[in-house]
Amino acid sequence: MRYPALPHFLSALLTLMVAGVTLAQEILVPPRPESHVSDQAKVLSAEQVERLSAALQKASREDGIEVYVVTMAAVPKGQLPEIGDAITRQWTANSVGGTLLFEDQFGNVTVGTSEETDRRFTSLMINMVLREPLMVGRKKGISPDKLERAAYSVVASLKSLVDRERREQRGKWMANFLMALVALFAGTIIGLASWNRRKRELGAVAPKEESKVPDSAT
């Protein structure tokens with residue numbers, strides 16, 4: 001039996017595989033900048049790059065938050081989130097952080113969060129605190145000034161999430177500590193009550209034993 005459709009199916013499958021490999025090859029992640037700013041599109045002034053670098057390096061040094069700003073002259077249509085995620089995965093592997101990626105052709109911006117950020121915080125919390133205030137994906141024609149402010153907002157949002165997590169951890173530790181104190185106090189009270197009861201029982205038995213001594217002497 002012949003299957004005339006089989007060659008067409010294999011041809012379509014091969015085309016999809018080649019397209020997938022080509023797409024993967026197109027996403028070339030640039031080297032991670034020590035300054036935390038990679039202004040490839042040259043949309044930021046020297047003063048803005050200097051301010052951003054100082055602020056982002058301070059967040060990395062003092063709070064362990066790794067945020068990077070990347071600008072590109074143009075990005076293939078529909079690939080901005082994928083490129084942002086690829087850069088974020090490679091640059092912020094095990095840290096709380098993310099990447100603010102801006103493409104200059106249409107003025108679009110996206111924020112990618114690291115795997116550590118996604119692991120430690122819920123998607124609802126990340127969207128509510130980080131993405132929704134920035135209106136990510138809906139800003140058109142963003143200016144360099146807005147891009148700079150958005151980067152500061154990303155850092156502040158991530159820091160608020162980390163601080164909230166630390167407060168919750170301290171609250172849990174304090175609750176466990178208080179529970180341990182209550183258990184220790186209750187155990188002490190029970191132990192003292194048991195010891196006093198035993199002491200009274202021994203005191204009640206002692207007079208009976210002493211009363212038998214004169215009878216045996218006679």
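The values are calculated or read from the model by the stated rules, or taken from the named source; none is laboratory data. Because the structure is a prediction, the values reported are computed rather than measured. A quick note on method: Cβ atoms are made from the backbone with ideal geometry, for glycine too, and the neighbour counts reach across all protein chains shown.
If Gln57 meets every condition in (1) outside any helix (DSSP H, G or I); (2) within 27 Å of the chain's Cα centre (by Cα) apart from one, which number is that one?
(1)
Just checking, does the stretch 77-98 include any residue being assigned to a loop (DSSP other than H, G, I, E, B), free of Cβ contacts under 8 Å to residues at least 40 places away in the same chain and over 30 Å from Arg167 (Cβ atoms)?
Yes, the stretch 77-98 contains a residue that is assigned to a loop (DSSP other than H, G, I, E, B), free of Cβ contacts under 8 Å to residues at least 40 places away in the same chain and over 30 Å from Arg167 (Cβ atoms).
Mind checking which pairs have a first residue in the stretch 37-55 that is charged (D, E, K, R) and a second that is assigned to a strand (DSSP E or B), Cβ under 6 Å, 6 or more apart or different chains?
Between residues of the stretch 37-55 that are charged (D, E, K, R) and residues that are assigned to a strand (DSSP E or B), the close pairs are Asp39/Thr71.
Which residue is modelled with the lowest pLDDT, if the candidates are limited to the stretch 1-46 and must be within 30 Å of the chain's Cα centre (by Cα) and loosely packed, with under 10 Cβ neighbours inside 10 Å?
Filtering the stretch 1-46 for residues that are within 30 Å of the chain's Cα centre (by Cα) and loosely packed, with under 10 Cβ neighbours inside 10 Å, the one modelled with the lowest pLDDT comes out as Gln25.
Where the second residue is among the basic types (Lys, Arg) and the first is more than 15 Å from Val70 (Cα to Cα) and lies in the stretch 103-123, which pairs have Cβ atoms under 7 Å and are six or more apart or on separate chains?
Note: pairs meeting the criteria are Glu115/Arg89.
Do we find a residue being part of a helix (DSSP H, G or I), modelled with pLDDT under 65 and more than 30 Å from Gly84 (Cβ to Cβ) anywhere in the stretch 186-205? Talk me through it step by step, then tell me what you get.
Residues of the stretch 186-205 that are part of a helix (DSSP H, G or I), as a first pass: 186-205.
Applying the additional criterion that residues be modelled with pLDDT under 65 yields 205.
Of the ones still in play, those that are also more than 30 Å from Gly84 (Cβ to Cβ) are 205.
Yes, because at least one residue in the stretch 186-205 is part of a helix (DSSP H, G or I), modelled with pLDDT under 65 and more than 30 Å from Gly84 (Cβ to Cβ).
Identify, please: which residue in the stretch 89-131 is surrounded by fewer than 19 Cβ atoms within 10 Å (Cβ to Cβ) and of a type in the set (Val, Ile, Thr) and is, among those, nearest to Glu148 (Cα to Cα)?
Filtering first and then ranking leaves Val129.
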